[in-house]
Amino acid sequence: MYGYISGMVKEIEPNYIIIDNNGIGYLVFVPNPYGFVINKEYTVYTYSNIREDEYSLYGFKTREEKELFLKLISVKGLGPKMALPMLATGATNLIEEAIETENINYLKKFPKIGDKVARQMILDLKGKLNVINTGIFAREDHSAELTEALVGLGYRQVDIKKIINKIDINLSLEEQIKMALKLLLK
C-alpha cells in the first residue's frame, strides 16, 4: 500500500509513533519508537498489514530493516508483532548471521521466539539473506556493494565469500573491487 511516509513525528509511545503528513497523523508501529525525536522530520519505510480484523502500518528507518522484516514475516508462524521486536536493536546483521550460522540460542533470546519458530526461521531463510561475513563483529564497509559488483561481473557467491575477508576495508569501493578481482584471478 504505502512505500514510505515522510513527515514530522508528533507522538512517541512504547510501541508506535504518530507521524504527521499533511495534517494526517499515521499511527506506525516501529521497532524502537525512542529512536525518534518529537517534532523532527523523518522518512519511515512502511509495510501495511491488512487482515480481516485489523489494518496496521509498520515502519522502519531504513530499507534494509524493512526488507529483513518482510523476510522474517514470510516464515511460517512468525507474524509482524513477533518480528518487530527483533529489529529493535538495529543490528540486522546479527540476526542475519544467527540465521546463517544456525545460532538457535541467539534467535530464542527475542520475545515469543521459541525453539520451533527459531528452527523454522533457519529452515526458511538460510541462504536467502545475502550475508557475506560471519563472526559477531560484522564489518561495516562496502561489502554489499562489492559483492553486488562482483556478482554482476559473473563471479559466484561461493568464490566471493572466500576472498571477501582478505580485502582492506579502508579502501574505496573502486579499490576494493580491483583488489577482489586480483584475488579472484589467483
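For Lys71, give me every one of the lysines with a C-alpha distance below 25 angstrom, ignoring sequence neighbours fewer than eight places off in its own chain.
Lys61, Lys81, Lys108, Lys109, Lys112, Lys116, Lys126, Lys128, Lys161
Quick check of the Kirkwood formula: for the chain, what is the inverse mean of 1/r over all pairs of different Cα atoms, in Å? Mind dumping the intermediate values first?
Working: mean 1/r = 0.0546 Å⁻¹.
Kirkwood radius, the chain: 18.3 Å.
What are the trypsin sites (Lys or Arg not before Pro) within segment 140-176 that DSSP puts in a loop, where the Cβ has at most 16 other Cβ atoms within 10 Å?
For trypsin sites (Lys or Arg not before Pro) across segment 140-176 that sit outside H, G, I, E and B with at most 16 neighbouring Cβ atoms in 10 Å, the list reads Arg156.
Let me have the 222 nm mean residue ellipticity of the chain computed from DSSP H runs of 4+ only, each contributing -39500 (n - 2.57), with the sum over all residues rounded to the nearest 500.
-10500 deg cm²/dmol
So how compact is segment 1-61: Cα radius of gyration and Dmax in angstrom?
10.8, 34
Based on Cβ point charges of +1 for Lys and Arg and -1 for Asp and Glu, what charge dipole magnitude is obtained for the chain about its Cα centre, in debye rounded to the nearest 20?
Using Cβ point charges on Lys, Arg, Asp and Glu, the chain gives about 640 debye.
Only the coordinates and a few stated rules stand behind these numbers; no lab work does. Remember, predicted model here, so these are calculated numbers, not experimental data. Note: ideal-geometry Cβ built from the backbone for every residue, glycine included; neighbour counts use all protein chains shown.
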